[in-house]
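Notes to accompany the following structure.
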Amino acid sequence: MSTLEELSEAVQKGRAKDVVALIESGLAEGVPAQQLLDEGLLKGMGILGARFKNNEVFVPEVLIAARALNKGTEVLKPKLIEAGVEARGRAVIGTVKGDLHDIGKNLVKMMLEGSGFEVIDLGVDVSDQKFVEAIGEHHPDLICLSALLTTTMGQQGEVVKSVTAAGLRDQVKILVGGAPVSQGFCNDIGADGYAPDAASAAELATSLVG
């Protein structure tokens, strides 16, 4: 098995120490940092994401794999910067005002990072104004809005309205998700995309930015 295949497998199994060791040995062998990222780390997370989508693995496995992935990207980051490799895109993510749920948001964040995005996490209970300010500050390609309650999903629509009122709507794609949210709701509020789960969110983000 090649270093890249071993790296992909170590990510899927959440073996952080092995991930770091394989990256270090790969770099010592002269494997480019970009290749270790794409064909090792991101490939492994992609395979796990597909399995998560098919209910073959569950949230704990994804969280452990994401931790291993993050350890690997910490080692690779200086090399990627040296090589002038840029992130696939930048995303701002948060759970909307009035909602304190963060597990779904955190999973989407991990999947986005696992797809090569730089992610700015605004946390939970985030007002529409804070999302608008984050667009001005970070210039993201997309913003991702999470809501787990039927009582707070309307806040996703408020964010779309506020971004539009601020004259920033054409600068950013808006993704929505959460248990009560649907494609129909996404269309009604004028968002750019809806994803039913974290793996789908990362795929959608990639297609929108790509």
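The values are calculated or read from the model by the stated rules, or taken from the named source; none is laboratory data. Keep in mind the model is a prediction, meaning the values are calculated, not measured. As a convention, Cβ positions derive from the backbone with ideal geometry for all residues, glycine included, and neighbour counts pool all protein chains shown. To get the accessible areas, we keep the full protein, side chains included, count just its heavy atoms, and leave off ligands, DNA and RNA. Shrake-Rupley method; radii C 1.70, N 1.55, O 1.52, S 1.80 Å.
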Next item on the list: Have a look at Phe117, Phe58, Phe131 and tell me which one the Gaussian network model of the chain (Cα, springs below 10 Å) gives the largest fluctuation.
Entry: Phe58
Check: In terms of modelled amide H atoms, which long-range or inter-chain residues lie less than 5 Å from the amide H of Val119?
Finding: Ala91
Next item on the list: With θ set to phi - 60°, apply the Karplus curve 6.51 cos²θ - 1.76 cosθ + 1.60 along the range 73-88 and write out the HN-Hα couplings as whole Hz, x wherever there is a Gly or Pro.
Entry: 5, 4, 5, 7, 3, x, 5, 5, 5, 4, 7, x, 7, 9, 4, 4
Item checked: Amide proton proximity set for Val176, modelled H, under 5 Å, gap of 5+ -> Leu145, Gly193, Tyr194, Ala195
Next item on the list: With a 1.4 Å probe and every protein chain kept in, tell me what percent of the accessible surface of the range 105-206 is carbon plus sulfur.
Entry: 49
Notebook entry, point to check: So, in Å, what gap is there between the alpha-carbon centers of the range 124-189 and the range 76-107?
Noted result: 16
Check: If you put +1 on each Lys and Arg Cβ and -1 on each Asp and Glu Cβ, how big is the dipole of the range 128-210 around its Cα centre, in Debye rounded to 20?
Finding: 100
Next item on the list: State the answer as a single residue: which of Leu112, Met45, Val126 lies farthest towards the positive end of the charge dipole of the range 8-137, with beta carbon charges of +1 for Lys and Arg and -1 for Asp and Glu, about the Cα centre.
Entry: Met45
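State which entries of Lys17/Lys97; Lys17/Lys79; Lys109/Lys161; Lys13/Lys77; Lys13/Lys97 exceed 30 angstrom in Cα-Cα distance in the structure shown.
Values: Lys17/Lys97 38 Å; Lys17/Lys79 19 Å; Lys109/Lys161 24 Å; Lys13/Lys77 22 Å; Lys13/Lys97 35 Å.
Lys17/Lys97; Lys13/Lys97, as the Cα separations exceed 30 Å there.
As a test of the formula, what do you get for the chain when each DSSP H run with n ≥ 4 contributes -39,500 (n - 2.57) and the sum is divided by the residue count, at 222 nm and rounded to the nearest 500 deg cm²/dmol? Don't skip to the end; give the middle numbers.
Numbers: 9 runs with 112 residues, N = 210.
That comes out to -16500 deg cm²/dmol.
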Next item on the list: Using only Cα atoms, tell me the angle between helix 103-114 and the longest principal axis of the chain; keep it within 0 to 90° and round to the nearest 10.
Entry: 50
Margin query: Explain nothing, just the number: dipole magnitude of the chain about its Cα centre with +1 on each Lys and Arg Cβ and -1 on each Asp and Glu Cβ, in debye rounded to the nearest 20.
Written below: 220
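Sort the range 26-152 into rounded, prolate or oblate with this rule: let a ≥ b ≥ c be the square roots of the eigenvalues of the Cα gyration tensor; rounded if a/c is under 1.5, and if a/c is not under 1.5, prolate when a/b is larger than b/c, oblate otherwise. The partial results should precede the final answer.
Values: a/c = 2.96, a/b = 1.46, b/c = 2.02.
Judged from the Cα gyration tensor, the range 26-152 comes out oblate (a/c at least 1.5, b/c at or above a/b).
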